[in-house]
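Here is the structure we will look at, set down as structure tokens.
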Amino acid sequence: MDENTRTFRIHVSDADLDDLRSRLARTRWPDVVDPDDTSGGVPLTLVRRLVEHWRDGYDWRAHETALNELDHRLARVGGLDLHHVVVPAEPPSGVPVVLLHGWPDSFYRYSRLAPLLAAAGHPVVIPSMPGFPFSEQPTAPMTVALVADLVHELLGSLGHERYAVHGGDWGSSVAEQLATAHPEAVRALHLTDVPVADLFTLDPAEVGEVEREFLERTNAWAEEASYYRVQGNDPNTLAFGLADSPVGLAAWLVDKYQAWTDREVDLDQTLTQISLYWHTNTIRSSMRLYAESFAEWSGTEDAGDDAAGTGDDGTWGGAGPLAVPTAFALFPADIGRPPRELAERFFDVRRFTLLPRGGHFGALEEPELLAEDLLGFLRELDA
Amino acid sequence: MYEQRSSEHPFVRLVWRAGGQTDGEFTDAANECWGLAFTRHRDGRVGAELIGPTASARRLDWRAGESYWGVDLESHVFWRGLDKPALLGVLQPLPVESGYVTLVGTRYLVPDHDGVEALVEALREQGVLVGDPLVARALEGEQPALSERALQRRFRQTTGLARKRIEQVRRAREAYRMLQQGMAPAEVAAATGYADQAHLSRSLRVFAGQTPRQILLGG
């Protein structure tokens, strides 16, 4: 550990836990006509069940102790304290693997996957993105490029010159940016989705039928995905309620945990994620990418006309597939499963797997399936 | 043991499974559609095969203690990105690793008998299995707004077989079904448009590998 890094333990104060308890006890519930109605967002019955469990069943201290079995650290990177978890391999025989989370989750997304990779010889680093639980947020605009730079610097400070990257949600966007900016450092990418920014570069009128069907499904999803718009357009307005009301926060987040899965919501796992956001007051800072990364994209249009304009292949501004070998492992209940040919526009696709079970948070739901695919891919690359 | 079930999936004609405690062989009737077959060997290993359309009956072996299951696709459903002519009449082994089968570059978990439709749907979503609505309508007897030549070409592109051959196989299958239900060969020949009973017999020997009498007796 260098002089810029220090160990870290999660500790929520008794005062904070008391404050949470009293807020939960004084919850004022919305007046909803049909508590089971799912047409207007998350149903009251689910939020009640979750919150009752938070109040009467969920034991933060036990979960805190379990989380502290991981090796947490804070590194001073780019002027920010960047939280990360390090899982050593015993003995290290494989390429280090970086696990990049998205929204609404945290390092916790990978708490079940990391030990499986470490057991196979891969040292694991789980960075917490800036503005997410335990990592400081920047004052500069929060962009995917900024996150990627910080992550790369962090890995250098850990002595990892060359590493493989796994990611999903914003994590896959950051992974793609890492491979773009540092192709010499990124041995391989293993992603659970095609980064959303790539999809926006495709003109549905110019792609093949299978891709068009997928883009139409994605667009239909985006039409319904109001969280995406609110977090992009009015994050401040939204954040007052979520930062002040644990129930408001729980409802906003559990909505995603129940929608993007193929199973019943795991109350304990979801409450751990919600608690991490609540106790660190990071809900507002965790949303910054939605507003500030879009600003970055529209900015790139001014970067020069050479790269812009619609290409013959239906993309614009794209420089063709990245040179880094890439695998996709797609969960059936995730937001969308793109066809392979779409992924090939942006990536050097070496492996493309449709996993049989799991959703957006598949790393928590099906860590063995994911580990098997990731490890199989890394073995293939070394063969 | 052999059993088959129908399916709600528009691409699936039937899902089948077979297996037994003794070695044996059976006659696989001519089939104009594409299919997938899976095998669980006695040591637990799983195998997968792509089944190309075949215009004549073939003998297949089965081994004691192995189980087999698979899917016959509808005739208007075809594989994108496969060399069809090379696969006609062929059982093409597919790579299987850690329980995943690779099909046109994508890895799918080998499904069990109940999960076959989910696999077909994933293949459709990936654009690997494609339904040709025009061929589907032509097979239903509609005359699409295409020249006969263009329609022939479309059939060959989609299915890998000539339209006439597909219709012959479909007619033979219909006749086979009627014979199994106990209808007299002469009646069956008339109902399915064969010139006479001899024509029916010749056709069934090619397509089903059996005579009408063998079929009537439960072959």
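Taking every residue in segment A:164-175 that is under 12 Å from A:Phe328 (Cα atoms) and pairing it with any residue that is open to solvent by 10 Å² or more (accessible area, probe 1.4 Å), at least 6 positions away or on another chain, the pairs with Cβ-Cβ distances below 6 Å are A:Gly168/A:Asp193; A:Ser172/A:Asp193.
Looking at segment A:25-81, which of the residues that are polar (S, T, N, Q) and in contact (Cβ under 8 Å) with a residue 12 or more places away in the chain is surrounded by the most Cβ atoms within 10 Å (Cβ to Cβ)? This residue is A:Thr27.
For every residue, the table says whether it meets (1) open to solvent by less than 30 Å² (accessible area, probe 1.4 Å); (2) of a type in the set (Phe, Trp, Tyr); (3) assigned to a strand (DSSP E or B).
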position: B:Thr27; (1), (2), (3): no, no, yes
position: B:Leu36; (1), (2), (3): yes, no, yes
position: B:Thr39; (1), (2), (3): yes, no, yes
position: B:Arg42; (1), (2), (3): no, no, no
position: B:Arg59; (1), (2), (3): no, no, yes
position: B:Ala64; (1), (2), (3): yes, no, no
position: B:Gly70; (1), (2), (3): yes, no, yes
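Only one entry in A:Val12, A:Val33 is in contact with a His (Cβ under 7 Å, 6 or more places away or on another chain), closer than 21 Å to A:Ala250 by Cα and not in a helix (DSSP H, G or I), namely A:Val12. Against the criterion of being open to solvent by 10 Å² or more (accessible area, probe 1.4 Å), acidic (Asp, Glu) and in contact with a strand residue (DSSP E or B) (Cβ under 8 Å, 6 or more places away or on another chain), A:Glu372 does not qualify.
Considering the conditions (1) touching a strand residue (DSSP E or B) at 6+ places or on another chain (Cβ under 8 Å); (2) part of a loop (DSSP other than H, G, I, E, B), A:Val86 is excluded by exactly one of them, (2).
Screening A:Tyr257, A:Tyr277, A:Tyr228 for residues that are at pLDDT below 95 and either open to solvent by 50 Å² or more (accessible area, probe 1.4 Å) or of a type outside the set (Lys, Arg) (or both) leaves exactly one candidate, A:Tyr228.
B:Leu151 falls short on exactly one of the conditions (1) open to solvent by less than 30 Å² (accessible area, probe 1.4 Å); (2) in contact with a Ser or Thr (Cβ under 9 Å, 6 or more places away or on another chain); (3) of a type in the set (A, V, I, L, M), and that condition is (2). Determine whether segment B:93-100 contains at least one residue that is crowded, with 19+ Cβ neighbours inside 10 Å and not in a loop (DSSP other than H, G, I, E, B). Checking segment B:93-100: at least one residue is crowded, with 19+ Cβ neighbours inside 10 Å and not in a loop (DSSP other than H, G, I, E, B). I want to confirm something. Restricting to segment B:121-141 and keeping residues that are open to solvent by 30 Å² or more (accessible area, probe 1.4 Å) and not in a helix (DSSP H, G or I), which single residue is nearest to the other protein chains (Cβ to nearest Cβ)? Here the answer is B:Val130. Just one of the listed residues (B:Gly160, B:Gly52) is more than 14 Å from chain A (Cβ to nearest Cβ) and at positive phi, namely B:Gly160. The residues on offer are B:Gln157, B:Gln214, and the sole one that is under 22 Å from the mean Cα position of the chain (by Cα), open to solvent by 20 Å² or more (accessible area, probe 1.4 Å) and within 22 Å of B:Gly52 (Cα to Cα) is B:Gln157.
When the helices (runs of 4 or more DSSP H) confined to segment A:331-383 are screened for residues that are under 18 Å from the mean Cα position of the chain (by Cα) and more than 9 Å from chain B (Cβ to nearest Cβ), those reaching at least 1 such residues are found at A:362-365, A:367-382. For B:Val110, the requirement of being of a type in the set (A, V, I, L, M), open to solvent by 30 Å² or more (accessible area, probe 1.4 Å) and within 30 Å of A:Leu330 (Cβ to Cβ) is not met.
The values are calculated or read from the model by the stated rules, or taken from the named source; none is laboratory data. Note that this is a predicted model, so its numbers are computed, not measured. Here the Cβ is made from the backbone with ideal geometry for all residues, glycine too, and neighbour counts use every protein chain on show. Quick note on the areas: whole protein, heavy atoms, side chains included, nothing else; ligands and nucleic acids left out. Shrake-Rupley method; radii C 1.70, N 1.55, O 1.52, S 1.80 Å.
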